[in-house]
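Below is one structure, written out as structure tokens; the observations come after it.
The values are calculated or read from the model by the stated rules, or taken from the named source; none is laboratory data. The shown structure was predicted, so the numbers you read here are calculated from the model rather than taken from an experiment. Cβ coordinates were reconstructed from backbone atoms using ideal geometry, including for glycine residues, and neighbour counts include every protein chain displayed. When the accessible area is computed, the model is the full protein with side chains, heavy atoms only, and any ligands, DNA or RNA have been set aside. Shrake-Rupley method; radii C 1.70, N 1.55, O 1.52, S 1.80 Å.
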Amino acid sequence: MDFWKNHKSIIIVSSIIILVLGIVAASVTYIVNNYKITTVYVDGNKHYTNEEIRNMVMDGFMGDNSMFLSLKYKDKSIENVPFIAKMDVEIVDPNTIRINVYEKAIAGYVEYLEKYMYFDKDGVVIEASTQRTKGIPQVTGLTFDHVVIKEPLPVENTDIFNAILNITQLVNKYNLSIDKIYFAKDDSITLHFERIKVALGQPNNLDEKIMKLQYILPEIKGKSGIIRLETYTDDTQNISFEPESD
């Protein structure tokens, strides 16, 4: 009894600590066992694969635990990832998360010093990469002597960037896959679709010209040649296709 009287407060505090530690341990065990991520949805990504996005978000301590991720990314987006403006993590249920990817708006890329230099609608170079991103066209024919990240490409006619953005938006609108945009010295435009070239001429009536391509290209699939659309208007009856020998 004397021991109890002399050490009562210590025993009570120790018991409380043991109880709290037991509750914490049980809670951690429950969270680890019941909030393990088994399903991951990824939306909005083009440059990176689903697996690459998952690895970025779920990297590190308890990266496969939805409860931990919900606290880690609560009211916080993932930023400072090349080609990506931000990523948000949504907890769907204890075993499922959804990663929403918001990529930077890229109009095209140029090759410079063995790298792909990606630029936005204003011609500002966003990223430099050794990997090519599918669905983003290469732009050729531009003249420049240097490239600086986060600065516009130093071309003489900056109106070209409006034409590039217009073209990329239109080919996406009509579900066309473009490989290359070529600008001649007179600013006339030629598009490359695998083995087919499309001479658009000057950057006018682009909507009408590119809209027509969605009907022409399937008809000449597998062929090589040039489609002449330089003078195309809504009133044009016949469109010239000049085959090329393989």
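Numbers for the structure displayed
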{"item": "Shape call, segment 116-246: gyration tensor on alpha carbons, a/c limit 1.5", "result": "prolate"}
{"item": "Solvent exposure of the chain as accessible area per residue, Å², 1.4 Å probe", "result": "62 Å²"}
{"item": "Simple spin-label estimate for GLU51 and LYS150 in nanometres, 7 Å along Cα-Cβ", "result": "3.3 nm"}
{"item": "Modelled FRET efficiency - R0 35 Å, LEU113 with ASN157, Cβ distances, 0.05 increments", "result": "0.95"}
{"item": "In nm, spacing of pseudo-spin labels at TYR215 and LEU71 (7 Å Cα→C-beta vector)", "result": "6.1 nm"}
{"item": "Length-normalised contact order for the chain - Cα pairs under 8 Å, 6+ apart - percent", "result": "11 percent"}
{"item": "Sulfur and carbon atoms: percent of accessible area, segment 111-227 [1.4 Å]", "result": "46 percent"}
{"item": "Nitroxide proxy distance, nm - points 7 Å out along Cα→Cβ at ASP64 and GLU79", "result": "3.2 nm"}
{"item": "Highest average packing first - 36-43, 75-82, Cβ atoms within 10 Å", "result": "36-43, 75-82"}
{"item": "Share of Cα-Cα pairs in the chain lying beyond 23 Å, as whole percent", "result": "64 percent"}
{"item": "Gyration tensor verdict on segment 185-246 (Cα atoms; rounded if a/c is under 1.5, prolate if a/b is larger than b/c, oblate otherwise)", "result": "oblate"}
{"item": "Kirkwood Rh in Å, taken over segment 162-219 so that all alpha-carbon pairs contribute", "result": "11.4 Å"}
